[in-house]
Each structure stands twice: as C-alpha cells, then as structure tokens.
Amino acid sequence: MTTFQELGLSQEVMKAIERMGFEETTPIQAKTIPLSLQNRDVIGQAQTGTGKTAAFGIPIVEKVDVKNGAVQALVVAPTRELAIQVSEELYKIGAVKRVRVLPIYGGQDIERQIRALKKHPHVIVGTPGRILDHINRGTLRLEHVHTVVLDEADEMLNMGFIEDIEAILSHVPTDRQTLLFSATMPDPIRRIAERFMNEPELVKVKAKEMTVPNIQQYYLEVHEKKKFDILTRLLDIQAPELAIVFGRTKRRVDELAEALNLRGYAAEGIHGDLSQAKRLSVLRKFKEGSIEILVATDVAARGLDISGVTHVYNFDIPQDPESYVHRIGRTGRAGKTGVAMTFVTPREIGQLHHIERTTKRKMERMKPPTLDEALEGQQRIAIEKLLNVAETENLSFYKRAAEELLEEHDSVTLVAACLKMLTREPDTTPVKLTEEPPLAVKREKKRGGRPDGSARGRTKKRRITAH
C-alpha cells in the first residue's frame, strides 16, 4: 500500500492530512492522485466509501494559488447533501494552506450565496442547477478554473442533469483538467467523457465486500468528554481477554495508551511513527498476554494477524466503511465470535448510518454503563476468580489459616473482604486527553469565513478532563 508521504505532497497538505488521521492511501487515491498532479484527465470508476473525495480533493488543494482570489476549481455534485459533505472534506484538506471552499446549492438563500461569492472562494462545490443559475446571473465566473470534477456522474444522469453539466462545461476554459467519477459507465456518461475530456486515464476500483459475519456490533452515543470514562467502565464490565482500541490519530493513540496505564490497565499503543523493532515488541507482548489492550491507528493495525482478540473498541468513529470493516475484522476470527463497540458523538450519527448502509448491517444501540454497573461488573469477575480457585486449586495449605480466621470473624465479612481485594474498583484518577473534533463538524477558520460563507468565528483549542 502507498502512504501519503510517498506522493510528494506539500508540507501544508501533509499537515492537514495527518490532522485528519489519514496515513495510508485507499486504492482510488493511490491511482488517481499522481495522475491528477500531472494534470491528466481521469475517469474514476468507484463506489461511495472508497475515498474518492480525497482522491480529487488533495490534487485540487495542491494546485490552488491562495494569492489568486479567482475561482480555480469547480466540483459538481448531484445533491445538496453530497455538495456539503465534499465541501467539508475539501475545507479540512485545505485548512493549513487556507484554501477557501464554498458550497452552493438549491434551497439555500441565493443572496447569501452571492455575498459569499464576493469573498473570493478558491473552490466551488455545487449542484448543477444552482451553479448554472450563478453563471447566468454573472455572479460566478469560471475563466480561471484549472480543474473540474464531476462527482457521481451516473447519479447526475439519473436526475436529468446532463444538459446542465454540458452547459457548465461550456463556460470553463478548454485547457482545464477534468476528473469524472462514476460508479457505473452508461453511454451518456461515456459521451460526455469523449466530448469534454482530453485522453482520460481510466482508474477502476472494485468495492470490497463489506462482510462482518461473526461479530456482535454495538454503538454508544457519547459526548466527546465522556468517552474515556465510558471506555474504562466497559473494560471493567466486559473484562476482555485481548482488546484493541482504535483512535483516529497518532497523538490520540499515545494519549489513550498513557491514560489507560494511569488507570491501571496494561496497555500499549502502535502507530506509524514507531520503529519496526518497537512495533514488533509491542505486538509480541500483546500476543503473549502481558499487555491486555492494544491501542492503534487504522494503518498500524493493517495486516495484524493476532488470534484471540475478543473485543474491538472504536474510540473514534472511522473515516469510512472500509476502515470500519477492517478494524472490527481484527476480532471474530477462526469461527469465533467477537464484540465491536463504536463510540459516536451526536454529530457523527450520520457517519454511523452511512457505515450501516454500506455494510448492510444495523448496529445495536448500547446504553453507556454507569459507575455502579462498572463496580458490579468487577465484583462479578472477582467472584468468578474466587470460585475458579476454589474448584481447581489445592487449598490444603491455606485451610488452617482460614479456620483460625473464622474463629475470630464471621464468614460473610471475610468473603466480602476477599472480594474487595480482588475487585478493581473504578478509578477516578483525572486523565487529560486532547479533544478530537467530530468527523462531521465543519470547523471555522481562525481568520476568514466558514466554508458555507457564513459569519466569521474563532475556533477554540479545547481540552477535556476525564474523571
């Protein structure tokens, strides 16, 4: 697999990609980005969920000249929802470079869009009808556009937008680069490619089968600042033999591993910055059982062949359905069942539903456990340990001491004291984690407007404390 480091991207784009938690390219990205950076026209035949937005978004951001206030790239999408989704991702890719992205679509106040267009966006993401409306009004000028993307072209065909697309393309310079993405290639789409594209390169990516057979899947709706406490309560109740906790970024993995150790769990993290020797050392400890929890990024977990993983915890919801399937596939192996739990903030519910639709499997909602439930879970584990020792061990050496104790103390008090010693009571050690923004949040810039052209605002760096 190709990493983003190998693509020769600028420092600003690499920094944004790392912030987003991307380390390794998807197949469509690995094939499309190099061609696009060479200004080649590309036809990408790929389904939703294959990472195609970043496949065209990264080259667009690389090529934008931020000192030039003209519109330099145009992305045409079939629906308002897709236009918003694409603009949010492009905004994140271009955040460090300060690329201004503006979504325009029907149903939104056109006067507001006209005001936003006067703020000199570099990239426009819009639906065909509204783009054409602005072209006809003279409020959107496209003479400096160097890249046009037609996203989900077959959907635009189904919705009757072909004539609008042809009209839009006639207003863009002929020496532009055109990128066309479509899950299928019906004849009208082929004709558009022949008429408006220059010797396009075909990139075809098959959607992987999204199957997750032997895994019980749950989700917990949790506010960001509550995530860590909920994770530790689940660990106390479920007592996994071997568990993997997935975090979105390298920093997240380091902080989680440290925080879990502070709470008394045997945990270590692995991510792309670790040396091969350190990585192998951590994996060996995990396989041997000397650490019970492995904290990992998506990339670090690729290719792991570890049997016996009973639980997977998605501390941060993954970027796409393919990553989700890969993550939870670490458990439920060799015919055994596994358990996967995904933490979702209220603003990430849409991403959860997207994963469910793609995998064709509903996740069961789980109520976050309380502190009392965590304590009960630990007591139950302590009782099981006690009974196991009573039934399987030779206790003759300890019986005289037990008889002497029973002469001075009642049996219930002694068993209760024994259980208290064996129970790992929920720890309330304060633990600091850097708060990760939800996947679906459209973050404001410190200077400048939001990607939808609304009022300026400042982002605050927030810290959370888990108790």
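All of the numbers you see were taken from the coordinates with simple rules; none came from a lab. Please read these numbers as outputs of a predicted model, since none were measured by experiment. We place every Cβ from the backbone using ideal geometry, glycine too, and count neighbours over all the protein chains shown.
Data for the structure
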item	result
Protection-proxy order for peptides 137-145, 113-121, each taking the mean of Cβ atoms within 10 Å per residue, highest first	113-121, 137-145
Cross-link pairs K287/K362; K31/K92; K227/K367; K226/K367; K52/K204; K97/K204 - those with Cα-Cα distance over 19 Å	K287/K362; K31/K92; K97/K204
Gain upon complete extension [L386, T370; 0.36 nm per residue less C-alpha separation]	3.3 nm
Relative exposure of D109, D273, D164, judged by other C-beta atoms within 10 Å (fewest first)	D109, D273, D164
Stretchable slack from Y218 to E258, in nm (0.36 nm times residue separation minus alpha-carbon distance)	11.8 nm
Net length gained if the chain between K336 and K360 were fully extended (0.36 nm per residue, minus Cα distance)	6.5 nm
Cβ-derived FRET efficiency at R0 41 Å, E199 paired with I306, nearest 0.05	0.30
Sites N68 and T184 - FRET efficiency at Förster radius 45 Å, r taken between beta-carbons, to 0.05	0.80
Span per principal axis, largest first, for the Cα atoms of segment 174-291 (Å)	65, 34, 30
Estimated FRET transfer efficiency when R0 is 56 angstrom, pair I349-E403 (beta carbons, to 0.05)	0.40
Under 12 Å from K119, Cα to Cα: aspartates and glutamates that are on another chain or at least 8 residues apart	D452
P(r) tail fraction, segment 4-204 - alpha-carbon pairs more than 22 Å apart, %	43 percent
Segment 4-204, relative contact order [Cα under 8 Å, separation at least 6], %	28 percent
Per-residue Cβ neighbour rank within 10 angstrom, fewest leading, D410, D154	D410, D154
Sequence of Y219, Y324, Y313 once ranked by neighbouring C-beta atoms within 10 Å, starting from the fewest	Y219, Y313, Y324
Cα-based shape type of segment 21-111, given that a ≥ b ≥ c are square roots of the gyration tensor eigenvalues and the cut on a/c is 1.5	oblate
